[in-house]
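Have a look at the structure below before the remarks.
The values are calculated or read from the model by the stated rules, or taken from the named source; none is laboratory data. This structure is a prediction, so every number in the text was calculated from the model and none was measured. Positions of Cβ are backbone-derived with ideal geometry, glycine not excepted, and every protein chain shown enters the neighbour counts. What goes into the accessible areas is simple: the full protein's heavy atoms, side chains included, and nothing from ligands, DNA or RNA. Shrake-Rupley method; radii C 1.70, N 1.55, O 1.52, S 1.80 Å.
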Amino acid sequence: MNAELRFRPFFSLTRREIKRFLKVIVQTIVAPLINSSLYLLIFGVSLGRNIDLQSGQNYLVFLLPGLIMMGCLNNSFANTSSSIVGSKFAGELEDYKVVTLNPWQILLALSTGGVMRGLMVGFLTLLVGEGFIYYEVGHFVMPENPLILLYFLFVGGLCFASLGVSVAFWAKNFDQMSAVGSFVILPLIYLGGVFYSIDTLPPFWRSVSEFNPILYFINGVRYGFIGESDVPILTATILSVVMLSIFFSISFFVLKKSNFKRW
Amino acid sequence: MSSNLPLEVVDLTKKYGSFKAVDAVSFHINPGEIFGLLGPNGAGKTSIISTIVTLEEPTEGEVKVFGNNVRKSKHSKYELGFVPQEIINHGFFSVEEILQFHSGYYGVKNNQERIEYLLDKLGLFEHKDKKVKQLSGGMKRRLLIAKALVHKPKLLLLDEPTAGVDIELRESLWSFVSELRKEEGLSILLTTHYLEEAEQLCDRIGFLSRGRLIKTGPTKELIEGQTNRFMSIVLKPGTSVECSHDFFIEKKADVLTFKLPYQYPVGELLACTSLKLEQIQDIKIREGSLDDVFRQVVGGGVL
Ligand SMILES: Nc1ncnc2c1ncn2[C@@H]1O[C@H](COP(=O)(O)OP(=O)(O)OP(=O)(O)O)[C@@H](O)[C@H]1O
Ligand SMILES: [Mg+2]
């Protein structure tokens, strides 16, 4: 099989995925951005003035990387899952099965599309956040380790994009789909240390939090931004790779077993 | 090298739960042939096609495309073009974008020429910037056909491709298909509820009823074998003749009716009846149609 046949199907589907969310940019990029701006305004600027962190850090500066990652994870997940659910409704998913795309190509293409949206939302949140920081603190805050920041955004986004793939392929109806979003993803993200440091929690809840995989992603990004983290950065890095392999294996398995039928 | 037939369906059974939608069906398609799969609603036509394109797994039996088992070899996918019975929507994408992506899925690059050729032939060129929901029903179906052809398949599966397409377009569609058949050596599996269309187009026909393939054969042979050819001779008013012939059935008013074998020369019959030419007002011959065959074979099932 030549390279053309191997890569073109993947690139085609990736392009489709990216074009899809760009066509509805107001829903897919602008709305999440407004969402994070509101968080910045309410928690960062308004309430944040009364919050003193042990580290002496400005709360807005502490919050921003959490929100960047939250936007990235949410939107990576939302992109793949809504694309697939939409295709199930339209019958388009049957096309993926009939054409020469194989499960790996489908998984990688959909995940790449998802992480692209996640990164865009993350990056734009960073820009907006810097605006708030400038207004509050009087200067911009440059990321301490931009590469680490990017690494965790990218790997975290990929994990959630592929999670979106498996949940959407697995779901038998719309309710199952949204149940996973509101009962699993959302709590895990909120409790993963977006808004607070787990050091402030009582020991019991602190230990519970350590089982939340998202904690490591969020703290990875925070380390990239302000050089501080609730968890050792090496642990977070290793776990991110482990999780990536787990998420992708599950998605691959679900995809292989799935019948691509329309709803 | 058992065969290189475009399609071989061997002992195919498909169950949904305990319900047998397809029951031990076997047939094949010869190179360059149009094979018609006919049967009433729910007979199992779509189920068979779905197993060919791997949307469904066979419960038993196997499907081979150009000698390759479709479940084991990815190669067959390049050779298959599939027009599903149900319309596929593509959300925000335009007709042209849809065809570009679809070409890409098959690994075909720079396919613009082919895409424009198909758009042109299928009368979609002026609609290429529209989204699926902005197309009419017939246009949607033609888009499905264009999608199935972007990668120049060798075997085309058409599941009711002409449902909702007007007569003129249906005709231009079929002349396009026969063009492809000649130029690209396309073989075709067709399901349709327009029996006249099937009679004109299909080289061979298979009749499906409740999941079972109950009769297969060349279209012409089926019609000749299952139906009768009737000849009515209308006599000039006032002519009185007596007639006795093996093929004679009845005389009603001035009309004599004969039932004659398909190969039997009409002239020979006329000679036998000792009718004089000046006694004859008119001769009508009614040949059987696929419709008649269908009614006989499937037994009055509603189409
Ligand atoms: N996914 C499914 N689950 C359960 N039963 C099914 C499923 N798909 C089809 N059937 C049943 O299998 C039988 C054959 O259906 P199929 O769609 O193959 O018929 P068909 O010949 O294509 O009919 P039509 O002319 O209406 O398109 C029907 O009785 C149908 O109810
Ligand atoms: Mg059908």
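For the reader, a short list of remarks on this structure follows.
- Residue match in segment A:222-241 (condition: more than 23 Å from A:V61 (Cα to Cα) and not β-branched (V, I, T)): yes
- Whenever a residue of segment B:97-111 is touching a residue at least 12 places away in the same chain (Cβ under 8 Å), its partners that are open to solvent by 10 Å² or more (accessible area, probe 1.4 Å) and of a type in the set (S, T, Y), lying with C-beta atoms within less than 7 angstrom and at least six residues away or across chains, give the pairs B:Y106/B:Y78.
- For B:S240, the conditions (1) touching a Pro at 6+ places or on another chain (Cβ under 8 Å); (2) part of a loop (DSSP other than H, G, I, E, B) all hold with the exception of (1).
- Filtering segment B:59-71 to residues that are within 23 Å of A:P9 (Cα to Cα) and either within 11 Å of chain A (Cβ to nearest Cβ) or in contact with a Lys or Arg (Cβ under 6 Å, 6 or more places away or on another chain) (or both) leaves only B:V70.
- Note on segment B:124-175: residues that are part of a loop (DSSP other than H, G, I, E, B) and either without any contact (Cβ under 8 Å) to a residue 12 or more places away in the chain or closer than 25 Å to B:H28 by Cα (or both) total 10.
- Here A:T80 meets each of (1) assigned to a helix (DSSP H, G or I); (2) more than 14 Å from every other protein chain (Cβ to nearest Cβ); (3) over 18 Å from B:F101 (Cα atoms) with one exception, condition (3).
- Residues in segment B:100-117 that are facing chain A (nearest Cβ under 10 Å), open to solvent by less than 20 Å² (accessible area, probe 1.4 Å) and β-branched (V, I, T): 0 in all.
- Test: residue in segment B:208-219 that is open to solvent by less than 10 Å² (accessible area, probe 1.4 Å), under 10 Å from B:I34 (Cβ atoms) and within 16 Å of ligand 2 (Cβ to nearest atom): no
- Those strands (runs of 3 or more DSSP E) of segment B:1-69 in which at least 2 residues are within 16 Å of ligand 2 (Cβ to nearest atom) and touching a residue at least 24 places away in the same chain (Cβ under 8 Å), considering only elements entirely within it, cover B:7-16, B:19-29, B:34-38.
- Enumeration of residues in segment B:70-86 that are crowded, with 17+ Cβ neighbours inside 10 Å, more than 12 Å from ligand 1 (Cβ to nearest atom) and either outside the structural domain of B:G137 (by TED's automatic domain parsing) or in a loop (DSSP other than H, G, I, E, B) (or both): B:V70
- Selection from segment A:244-257 of residues that are open to solvent by less than 20 Å² (accessible area, probe 1.4 Å) and either under 16 Å from the mean Cα position of the chain (by Cα) or among the polar types (S, T, N, Q) (or both): A:S251
- Any chance B:D292 is among the acidic types (D, E), closer than 30 Å to B:L208 by Cα and not assigned by TED's automatic domain parsing to the domain that holds B:F207: yes
- Residues of segment B:87-120 that are under 26 Å from the mean Cα position of the chain (by Cα), assigned to a helix (DSSP H, G or I) and not acidic (D, E): B:L99, B:H102, B:R114, B:I115, B:Y117, B:L118, B:L119.
- So B:E56, is it facing another protein chain (nearest Cβ under 9 Å), within 30 Å of B:V293 (Cβ to Cβ) and either open to solvent by less than 20 Å² (accessible area, probe 1.4 Å) or among the charged types (D, E, K, R) (or both): yes
- Qualifying residue in segment A:47-68 (condition: open to solvent by less than 10 Å² (accessible area, probe 1.4 Å), out of contact with any Gly (no Cβ under 6 Å at 6 or more places or on another chain), within 14 Å of chain B (Cβ to nearest Cβ) and of a type in the set (V, I, T)): no
- The residues of segment B:189-206 that are more than 16 Å from ligand 2 (Cβ to nearest atom) and either open to solvent by less than 10 Å² (accessible area, probe 1.4 Å) or touching a residue at least 60 places away in the same chain (Cβ under 8 Å) (or both), listed by number, are B:E196, B:E199, B:L201, B:C202, B:D203, B:R204, B:I205.
- Reported count of residues in segment B:72-99, each being more than 16 Å from ligand 2 (Cβ to nearest atom) and within 12 Å of chain A (Cβ to nearest Cβ), is 18.
- Count - residues of segment B:44-72 that are charged (D, E, K, R) and more than 20 Å from B:G17 (Cα to Cα): 3
- Selection status of B:K284, without any contact (Cβ under 8 Å) to a residue 24 or more places away in the chain, open to solvent by 50 Å² or more (accessible area, probe 1.4 Å) and out of contact with any helix residue (DSSP H, G or I) (no Cβ under 9 Å at 6 or more places or on another chain): no
- Taken together, B:K130, B:K121, B:K140 contain a single residue that is in contact with a strand residue (DSSP E or B) (Cβ under 7 Å, 6 or more places away or on another chain), open to solvent by 10 Å² or more (accessible area, probe 1.4 Å) and assigned by TED's automatic domain parsing to the domain that holds B:L169, which is B:K130.
- Considering B:K220, B:K215, B:K236, the condition of being over 24 Å from B:A24 (Cα atoms) and touching a residue at least 12 places away in the same chain (Cβ under 8 Å) is satisfied by B:K236 alone.
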